[in-house]
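Peer 1: Below are the C-alpha cells for one structure; questions will follow.
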Amino acid sequence: MDDLTAAFSGLPYFNPFMGVNLSSTCATTKLIQCTMLGTGMCDVTRKFLEKTPEDATDLPYDDFMARKELIEHVIEYDEERTRGKSRGDPAAWEWTPILYVFEIAKGSTKRQEEVGHVVFTDPTLTRFLMVNLYGPPTCQCGNPYHNDYRALVTLHANQFMSLLKYVYYNKKKPQPRWIRATYTTNAQPLNPAFLVPADTDSPPPVSSKQSSNQPPIINILSTDFIPSLNDHHFQRIDALLARDPSWGIPPASVRDSVTEKAEGKALKLDKKTSAFQAGKMLVTRECANCHQVEKVGKTMMTCSRCKTTTTTADGGAEAQKPKREKKNKKSKEAEESMSAEAYFAYDFYSEYQASQNDYATKASVESFFSAGKHANQGHTNNWAVLVCSSRYWFNYRHMANALGMYRTVKRLGIPDSNIILMLADDAACNSRNKFAGSVYANKGRGLDLYGENIEVDYRGYEVTVENFIRVLTGRVADSMPRSKRLLTDDRSNIFIYMTGHGGNEFLKFQDNEEISAFDLADAIEQMWQKKRYNEIFFMIDTCQANTMYSKLYSPNILATGSSKLAESSYSHENDNDIGVAVIDSYTHHVLSYLESVNKTSKATMEDLFSTYSFEKIRSHAGVRSDLFNRQLDQTLITDFFGGVAQVEVLQEEDDAEDRFTKEVPAPTLPTEPPAVLASVRPQRMPGTKERLSSGHGGTNGTRGPVQKAKTPADQGLLQALKLWGSSLLVGLLLLWTLSR
C-alpha cells in the first residue's frame, strides 16, 4: 500500500488520504481502515508535526503539545533503534500512531473517563502501545476515576483487546498478540522501560515492585485479558462491520467471549485498583454548585445553599436518617404544644376546606391523568422535522429534496413554528450557482424552492447527529430558543423526513459522522416514554433507505423508504445550466403526488403507497406498518402533512339525578347577589355535593351568565305552594292587625 501511494502521489488530482479521516475517534473504524489501506494511510503523525495547535481545533493547547511531545519521543526511539537496518528487516519496524483520542465505537461512551488517548501499532496490526496523557492530580473529591489512572488505563487496554478479538475474529485477519499500556502526568513523564521494539514477540514482564515515582506498565495479552464490551458497544460495532460483506458480524460465540461479565476472570490487581471497581463508584462528596469537598468519611454535603449529589449504596442514605428523625421529633413536639382548642379549630377548618374542594380536585385529577394516557385519542397538532444531512455543491439534490418537503408541508397548513428544518444551506449562495439565491427541483426552473419565506432552524455545521437526537428527545439547553425546539406532546403527529447519503442501517451527516438505525430507534423510544408524540410518519430517501427503519420498535410509527437493502437510490434529472442533479427520483415522485392534495383532501396513505413502482422510482420503495395501529386506507395524508387541527370540546357528564331533570327558562335575576347577603351567605356543610360549571365559581366572587336551570318536576309545585302559603299568612296577619 505504501508503494501504491508513492506511485500515485505525483498526480495532482490524487489525494491518498481522502478516504481516511485522521481526526476520527472511532477505534473500530480506524482498525478497519488500517487493515484495508495499511497503517501508513492512518498515521496521525502529520497532524502533530506538520500542524500547529491553532490548526487542531479538536484539542486544547496543552493536550496537543502533550501528544506532540510523546510522538516525537517515540520517533526518536525508533530512529535510534533502527539506524543502519534494512527496510525489509522486521527489526526495522517502527511504531505508527493511529489514534490520538479514541472510543471503542463512535457514540459508545457515556462518560468522558471512558475515552482513551494515544494508540501506536506495528505494521502487522498485532502489537499495540497505549499511552493515556493526564494533567496534574488536583481533584480530591474521592472519585477514583479522577486520580486512579492505573484503573483507567487497565480498563481502556482490556476494552481495546476485547475489540481486537471481536473485529479480528476471522483467522484471515490480523491476530492480536499484546497491548502494552501506561500513562503520563505533568509530574510523571513516560516510564523509560515502557518502549519496546515493534517486532517483540511478547512484551517484557512487568516487575511486581515498580517504582511509585514512575507510571506503572500494564501488559494485556490476547490469551489473558478481561472481556470488557457491552451491548452498547456491540450495537455500533456491528453496524460498522455489517457495511462490508468481507467483514461481517462475528458469531455469537465470539461475542460471548468478549462480553463484560460480573463474575469473570479475576484481575491480577487488588480491588482498590480494579477497573470494574472503579467503574462502579460515583462522585458522592462533591457539591455540584460550589464544588466544596467533604471529608472522606462523610457522604452528604452540609452546604445549605447548594444542590448536592446523590449518595451510593455504601450507607449514604442511612446517614441522613438521624437528621430526619430529629426533624420529625421537633415537629411532633410543636404539635403537642398547641392548645386543644386551637388544634381542634385548625383541624376542623382543614377538613372543611378539603371536603369543599374534594369533588373539584377529584374531577381535575381524573381529567388530567385520563388525558395523559397513551390511548389513541387522535391528534390535535402537527409537526415536521426535515433533515438534509449532506453538504457541498454536488449534493444540491439533497437540499432540493428537503426544501421541496418544506414547501409542501407549509402549503398544506403546518406553520413555520411547527417545522424544524436542518439544512447545510450552502447551495443557494454557492459561487457555482448560476442562479444565485435560488434552489430549483426541475430543469425547467419553474419554482424557486428557496424564495424569500424560508426559515432554516439548524444550518451549516449545526446539522449534526447530536443536535438531531436532542431535537427529537427534547434534551436541549435551557438557552435554546423556542424556534429550535420540538415542542410536541402526546397529541402530536410528527412527520420526520431525512435525505442524504447512507448505507446498510446508517445515514451519513456531512461526511463527518453517521447515525445508525439503532440510534434512531432508541431516540424515538425516548420520545414515546416521554409522551412526545401520538403518531410518527418516518420517510427517508437514501441508498438502502429501508434498513434505517428496520430497528424501530416503538408503537404508532408508520415508515417508508426509497430503496431496499443493497440497492441505490437514484437522482431524477440533471439541469445542464446548474451542472448537477436537482432532485432525487423518490422524493420527486412523492412531491408530484402531494401536489394533488389540499388541506381538505380525503387522500389516504394507502393511496400514496399504491403509486410506488420500480418504473417510476427506479428502486424498490418500502413501507413498514406493523407498528402502526390504524388501517392505511383510513389514515389521511393530511394527518401528517397538513395542519388541520382536531379540536375537542369536553363537557361534564350528567350524573344519575339528571334523568329526573328538565330544562326550564332561566329566570331574569340579578347576576350578582347584594353585597350584604353575599357576605353572610352560609356555606355548604362538609359532605354536600357541589357541581362544577364553567360559568360559575371563581375566586373573584363573580358569576357567569346562567345558561340553563334544572329542577325536579315536583319542586316547582312545592315552591308555588310555599309562595301561596306565605301570602295567605301575611294577609291573615294584616287583617288581624287592622281588626284590632
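Peer 1: Tell me the label-point distance for the pair N512, A720, using the 7 Å Cα-to-Cβ offset, in nm and rounded to one decimal.
Peer 2: In this crude spin-label approximation the distance works out to 8.5 nm.
Peer 1: Which order do the peptides 516-524, 245-253, 215-223 take when ranked by the mean count of other beta-carbon atoms within 10 Å per residue, highest first?
Peer 2: Top of the packing list down: 516-524, 215-223, 245-253.
Peer 1: Could you tell me which of rounded, prolate or oblate describes the stretch 167-248, using a ≥ b ≥ c as the square roots of the eigenvalues of the alpha-carbon gyration tensor, with rounded for a/c under 1.5 and, failing that, prolate when a/b is larger than b/c and oblate otherwise?
Peer 2: Here the stretch 167-248 falls in the prolate category.
Peer 1: Using the basic label-point model (7 angstrom from Cα toward the beta carbon), what is the A566 to L733 distance in nanometres?
Peer 2: That separation, rounded to one decimal, is 10.4 nm.
Peer 1: If packing is taken as the average count of other Cβ atoms within 10 Å, what order do 80-86, 162-168 fall into, highest mean first?
Peer 2: Per-residue mean Cβ counts within 10 Å order the peptides as 162-168, 80-86.
Peer 1: Mean projection of the alpha-carbon convex hull of the stretch 387-499 over all orientations, in nm²? Display every interim value, and only then the final one.
Peer 2: Details: hull surface 30.4 nm².
Mean orientational projected area (the stretch 387-499, Cα hull): 7.6 nm².
Peer 1: Sticking with this one: Under the rule of at least 5 residues apart or a separate chain, name every residue whose amide H is placed under 5 Å from the amide H of E573.
Peer 2: Those lying under 5 Å, H to H, from E573 are V582, I583.
Peer 1: I've got another one for you. Using the structure shown, list the pairs from K530/K564; K68/K172; K530/K551 with a Cα-Cα distance above 23 Å, or answer none.
Peer 2: With Cα atoms farther than 23 Å apart: K530/K564; K68/K172.
Peer 1: How high is the FRET efficiency between L221 and K616 when r is their beta carbon distance and R₀ equals 56 Å, given to the nearest 0.05? Write out the running numbers ahead of the final one.
Peer 2: Values: r = 59 Å, r/R0 = 1.05.
Here the calculated transfer efficiency is 0.45.
Peer 1: Return, for the Cα atoms of the stretch 512-639, the radius of gyration and Dmax in Å, separated by a comma.
Peer 2: When restricted to Cα atoms, the stretch 512-639 yields Rg and Dmax of 15.8, 49 Å.
Peer 1: Still on this structure: Looking at this model, which pairs from K173/K508; K106/K508; K30/K173; K165/K261; K30/K165 are more than 18 angstrom apart at the alpha-carbon?
Peer 2: On the way: K173/K508 27 Å; K106/K508 13 Å; K30/K173 15 Å; K165/K261 16 Å; K30/K165 15 Å.
Too far apart for the 18 Å limit: K173/K508.
Peer 1: Another question, then. Please give the per residue accessible area of the stretch 419-513, computed with a probe of 1.4 Å over protein heavy atoms only, in Å².
Peer 2: 46 Å²
Peer 1: Given points 7 Å out from each Cα along the Cα-Cβ axis, report the K530 to K85 separation in nanometres with one decimal.
Peer 2: Spacing of the two 7 Å Cα→Cβ label points: 5.5 nm.
The values are calculated or read from the model by the stated rules, or taken from the named source; none is laboratory data. None of these values were measured; they are calculated from a predicted model. Neighbour counts are summed over all protein chains in view; Cβ atoms, including those assigned to glycine, are modelled from backbone coordinates with ideal geometry. Keep in mind that these areas ignore ligands, DNA and RNA; they rest on the heavy atoms of the full protein, side chains included. Shrake-Rupley method; radii C 1.70, N 1.55, O 1.52, S 1.80 Å.
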